[in-house]
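This report refers to the structure that appears directly beneath it.
The values are calculated or read from the model by the stated rules, or taken from the named source; none is laboratory data. Being a predicted model, the structure only gives us computed values, none of them experimental. Cβ placement follows ideal geometry from the backbone for every residue including glycine, while neighbour counts extend to all protein chains displayed. These area figures cover heavy atoms from the full protein model, side chains too; ligands, DNA and RNA do not enter into them. Shrake-Rupley method; radii C 1.70, N 1.55, O 1.52, S 1.80 Å.
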Amino acid sequence: MELPDQEICYRALQTRDSRFDGLLFVGVTSTGVYCRPVCPARTPRFQHCRFFGSAAAAQQAGFRPCLRCRPETAPDLASWRGTSNTVSRALALIADSALDGDGASVGRLSERLGIGERQLRRLFIKHLGASPIAVAQTRRVLFAKQLIHETRMPMTEVAMAAGFGSVRRFNEIFRDLFGRAPSTLRREGSAAPVSTETGVTLRLRYRPPYDWDCMLAHLQARAIPAVELVENGTYRRTVEVDGFVGSVEVVHLGPQQSLGVTIRFPNVRFLAAIVTRVRRLFDTGADIETIDEHLSRDPVLAPLVAQRPGLRAPGGWDGFELAVRAILGQQVSVAAARHLAGQLVERHGKPIPVARISHSRLTHVFPTAEALAAAESIRLDMPAARQSSLKALAQAAVSDPNLFRPFGTIEEAIARFRSIRGVGEWTAQYIALRALREPDAFPASDIGLLRGAGSLEGLRPTPQRLLVRAELWRPWRAYAAQHIWTVQASAIPNRRNT
Ligand SMILES: [Zn+2]
């Protein structure tokens, strides 16, 4: 695992350097606690410090999370660790609860990644310093701890939301770690208990800088009528997971370097999965300083990065929804694609029961793959060929529920998307970029990118030339693309849907 040398780690700790937050954890041998580098407690002596690159590694080494600096609130940069894409994909699957519940196993996880179980363990130890099981366990403990501190959810709900099989197991693990019952970690207060049904609010920290205005502008331009709404600096949307319907609200808490997320959802078991989706949509896990620095080495991109530090690559809320939008966006402007998406929702989306409506303009959920696959016709104002590719996409998603989950290598994922009728290279790369959150995906034939690259360098390149040019931006070509699109969007208002 790559960590800066011990002296640098210790200096980061002494100066409470927030640039290391999320990248570095320190286990204190004299207390058995592990901390973020920004912990307000007195700095331990050098000989009592052990440094780790992940919370899971610290926890696997026997340390428990600090109650003051709360490691669960460090920016979650885990998916950026190391150079192994396999590890990143495995972490995305674990965040998606791949190791929670009865049927889950490391064997099954490695199968989905197309590698052997032993190899997966070896990669985890190398890049994270912890086994896949320890990573999943740490994730559960830290999420539960966050729910205990930040919400008034009853303990039974906390246990279920964090993915513990039972309340008994939850209690056991917390007693082992902290020597006391989970409920005693909560500060006493008079506030009434809350449930996910009525709404819980959490803070998701990111590594600064974060270009919130660009993120919000991106979402606003694409907001699907009746499903999404951007208003007064708040992003709202309706959500459907496993047949349950709820809503999500996201605001920026700049001084706290966090997003404030309010989730209303009737089934507490999906809370962690919804939080994971918010993180992916808003790209809170990016190690943005490293990315900006890498892209700035290119003299053409450097001024763009300087102008918009912390620009994120927005994800998609849901793989299927995103893929549908990619097809709706083929050859038309952002505004036209948004209009088509609204039409699709009107004709095939499910109305939300009145009791669940959280905002008068958010009345529907996006149509499911099942609904579109079963529809007699799609009936949208667009060419018949594109309507039948929507249908083919829906059928593919129904027959393979893991279609939009990380799988194999990026090339394999692209090939799998391309096997769907009407999904070409551009659409496949675009889906990989936004839905799979592949940081190196790059739709080189995108007209906006080609135009943007042309205006930056004086001559519009061919897609092949742009690909050659983009070699320098690896492994973060998706972020380079976002910079070019953003510049292009401010120059030409009615561009293609990207
Ligand atoms: Zn601490």
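Selection of first residues in the range 24-45 that are farther than 20 Å from PHE178 by Cα and touching a residue at least 12 places away in the same chain (Cβ under 8 Å) and of second residues that are hydroxyl-bearing (Ser, Thr, Tyr) and within 8 Å of the ligand (Cβ to nearest atom), restricted to Cβ pairs under 8 Å at least 6 apart or on distinct chains, gives an empty result. Would you be able to say whether some residue in the range 246-261 is of a type in the set (A, V, I, L, M), modelled with pLDDT of 95 or more and part of a helix (DSSP H, G or I)? There is no residue in the range 246-261 that is of a type in the set (A, V, I, L, M), modelled with pLDDT of 95 or more and part of a helix (DSSP H, G or I). Of the residues making up the range 229-277, not one is in contact with a helix residue (DSSP H, G or I) (Cβ under 8 Å, 6 or more places away or on another chain), of a type in the set (D, E, K, R) and farther than 24 Å from ALA162 by Cβ. Can you name every residue in the range 16-31 that is within 15 Å of the ligand (Cβ to nearest atom) and either under 19 Å from THR73 (Cα atoms) or aromatic (Phe, Trp, Tyr) (or both)? ARG16, ASP17, SER18, PHE20, ASP21, GLY22, LEU24, PHE25, VAL26, GLY27, VAL28, listed by residue number. Considering only residues in the range 110-134 that are within 20 Å of ARG169 (Cβ to Cβ) and assigned to a helix (DSSP H, G or I), the one that is least open to solvent (accessible area, probe 1.4 Å) turns out to be PRO132.
Among the numbered conditions (1) surrounded by fewer than 20 Cβ atoms within 10 Å (Cβ to Cβ); (2) in contact with a helix residue (DSSP H, G or I) (Cβ under 7 Å, 6 or more places away or on another chain); (3) modelled with pLDDT of 90 or more, the only one that ARG168 does not meet is (2). Does ARG180 meet the test of being more than 26 Å from GLY62 (Cβ to Cβ) and basic (Lys, Arg)? For ARG180, the condition - more than 26 Å from GLY62 (Cβ to Cβ) and basic (Lys, Arg) - is not met. Of all residues in the range 54-78, those that are at negative phi have Cβ atoms under 6 Å from Cβ atoms of residues that are within 11 Å of the ligand (Cβ to nearest atom) and part of a helix (DSSP H, G or I), 6 or more apart or on another chain, in ALA55/PRO71; PRO65/PRO71.
On inspection, ALA226 fails the criterion of being at pLDDT below 95 and either surrounded by fewer than 18 Cβ atoms within 10 Å (Cβ to Cβ) or touching a helix residue (DSSP H, G or I) at 6+ places or on another chain (Cβ under 9 Å) (or both).
GLN60 passes every criterion in (1) crowded, with 23+ Cβ neighbours inside 10 Å; (2) closer than 23 Å to GLY27 by Cβ apart from (1). Each residue in the range 35-60 was checked for being among the β-branched types (Val, Ile, Thr) and more than 10 Å from the ligand (Cβ to nearest atom), and 1 pass. Among the residues of the range 384-410, those that are among the polar types (S, T, N, Q) and free of Cβ contacts under 8 Å to residues at least 12 places away in the same chain comprise GLN387, SER399.
Checking the stated criteria, SER105 turns out to be surrounded by fewer than 16 Cβ atoms within 10 Å (Cβ to Cβ), among the small types (Gly, Ala, Ser) and closer than 25 Å to ARG277 by Cβ.
Considering only residues that are free of Cβ contacts under 8 Å to residues at least 40 places away in the same chain and either open to solvent by 60 Å² or more (accessible area, probe 1.4 Å) or in contact with an Asp or Glu (Cβ under 7 Å, 6 or more places away or on another chain) (or both), which ones fall in the range 192-220? Answer for the range 192-220, where residues must be free of Cβ contacts under 8 Å to residues at least 40 places away in the same chain and either open to solvent by 60 Å² or more (accessible area, probe 1.4 Å) or in contact with an Asp or Glu (Cβ under 7 Å, 6 or more places away or on another chain) (or both): ASP213, GLN220.
To keep it simple, each residue is scored yes or no on (1) closer than 30 Å to VAL324 by Cβ; (2) over 22 Å from the mean Cα position of the chain (by Cα); (3) assigned to a strand (DSSP E or B).
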position: ILE148; (1), (2), (3): no, yes, no
position: MET153; (1), (2), (3): no, yes, no
position: MET160; (1), (2), (3): no, no, no
position: SER195; (1), (2), (3): no, yes, no
position: CYS214; (1), (2), (3): yes, no, no
position: ALA217; (1), (2), (3): yes, no, no
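Tally up the residues in the range 229-256 that are open to solvent by 20 Å² or more (accessible area, probe 1.4 Å), among the charged types (D, E, K, R) and in contact (Cβ under 8 Å) with a residue 12 or more places away in the chain, please. Summing the residues that are open to solvent by 20 Å² or more (accessible area, probe 1.4 Å), among the charged types (D, E, K, R) and in contact (Cβ under 8 Å) with a residue 12 or more places away in the chain in the range 229-256 gives 4.
The set of residues from the range 265-281 being buried (at least 20 other Cβ atoms within 10 Å of the Cβ) and over 16 Å from the mean Cα position of the chain (by Cα) comprises PHE265, VAL268. Only residues that are modelled with pLDDT of 90 or more and in contact with a Pro (Cβ under 6 Å, 6 or more places away or on another chain) were counted in the range 69-105, giving 1.
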